[in-house]
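Engineer: So that we are looking at the same thing, I have put the structure below in structure tokens.
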Amino acid sequence: MPTHAEKKRLPYTPEQMFDLVADVRRYPEFLPWCVGARVVSQNAGELIADLTIGFKMFRETFRSRVTLERPHHVHVEYLTGPFRYLNNHWRFHPVPGGSEVDFFVDFEFKSRLLQAVIGTVFNEAVRLMVRAFERRAMMLYGRERPGATLTARPSPRQG
């Protein structure tokens with residue numbers, strides 16, 4: 001099913017990028033199609049969150065366990081909602097001048113109709129979401145310096 005993986009060098013520290021991705025409550029402020037976010041429970045290493053995604057006439061809420069391994073890894077484990085499965089992680093590696101951000105998402109909706117609809121726009125939608133995190137980092141931490149580069153990796157499975 002749809003899979004997307006990419007690496008990007010950004011002029012922000014792994015800690016800054018970790019904090020941005022781990023701040024799930026703020027997603028509706030900047031993330032396309034995210035119309036709601038609620039943290040159900042939280043401790044130092046994990047949170048349980050409900051995200052509501054709205055796309056055209058669809059509106060779906062799903063619950064995830066988000067494991068926070070500061071400052072290098074955020075892993076999302078799907079618990080309940082409209083997916084058959086959802087695998088998502090962010091890794092942050094220090095590099096000279098900032099960090100390399102490694103993003104991966106793989107999912108399948110239970111609904112064939114919803115899967116067909118998202119399948120037509122999946123790659124562009126994920127790229128827009130990754131760019132939204134970049135813009136958020138720029139807004140929070142300052143402008144990007146020249147030299148940030150994108151390396152898209154081919155997906156192991158195309159859907």
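Engineer: Return the lysines within reach of Lys110: Cα separation strictly under 25 angstrom, same-chain partners fewer than 8 residues apart disregarded; answer none if there are no such residues.
Structural biologist: Within the straight-line cut-off, Lys110 pairs with Lys56.
Engineer: What is the range 3-141 by shape, rounded, prolate or oblate, if you read a ≥ b ≥ c off the alpha carbon gyration tensor as root eigenvalues and call it rounded for a/c under 1.5, prolate for a/b larger than b/c, and oblate otherwise?
Structural biologist: Cα axes put the range 3-141 in the prolate bin.
Engineer: Once you put a point 7 Å from the Cα of Tyr78 and another 7 Å from the Cα of Ala5, both along the Cβ direction, what distance in nm separates them?
Structural biologist: If labels sit at Tyr78 and Ala5, their model points lie 1.8 nm apart.
Engineer: Of the accessible area of the chain, with the probe set at 1.4 angstrom, what percent is carbon plus sulfur?
Structural biologist: That fraction is 54 percent.
Engineer: Still on this structure, please answer the following. How much solvent-accessible surface does Phe103 expose, in Å² to the nearest 10, with a 1.4 Å probe and all protein chains in place?
Structural biologist: Looks like 10 Å² after rounding.
Engineer: Let me ask you something else. In degrees from 0 to 90, rounded to the nearest 10, what is the angle of the helix 112-141 Cα long axis to the longest principal axis of the chain?
Structural biologist: Tilt of helix 112-141: around 20 degrees.
Engineer: To continue, here is another question. Counting helices only, and only those DSSP H runs with n ≥ 4, report the 222 nm mean residue ellipticity of the chain as the sum of -39,500 (n - 2.57) divided by its residues, in deg cm²/dmol to the nearest 500.
Structural biologist: Calculated mean residue ellipticity at 222 nm is -9000 deg cm²/dmol.
Engineer: Tell me the per residue accessible area of the range 16-136 using a 1.4 Å probe; a whole number in Å² is fine.
Structural biologist: 50 Å²
Engineer: I'd like the Karplus ³J(HN,Hα) series for the range 88-105: coefficients 6.51, -1.76, 1.60, θ = phi - 60°, whole numbers in Hz, and an x wherever there's a Gly or Pro.
Structural biologist: Values, residue by residue: 8, 8, 10, 10, 10, 10, x, 9, x, x, x, 8, 9, 9, 10, 10, 9, 9 Hz.
Engineer: A further question follows. Length gain on complete extension for the stretch Ala44 to Val121, per 0.36 nm per residue less the alpha carbon to alpha carbon distance?
Structural biologist: That works out to 24.2 nm of additional length.
Engineer: Arranged from highest to lowest average of other beta-carbon atoms within 10 Å per residue, in what order do the peptides 29-41, 12-24 appear?
Structural biologist: 12-24, 29-41
The values are calculated or read from the model by the stated rules, or taken from the named source; none is laboratory data. Worth saying up front: this structure is predicted, and the values here are computed from it rather than measured. In this analysis, Cβ positions are derived from the backbone assuming ideal geometry, glycine residues included, and neighbour counts consider all displayed protein chains. Only protein heavy atoms, including side chains, enter the accessible area calculation; ligands, DNA and RNA are left aside. Shrake-Rupley method; radii C 1.70, N 1.55, O 1.52, S 1.80 Å.
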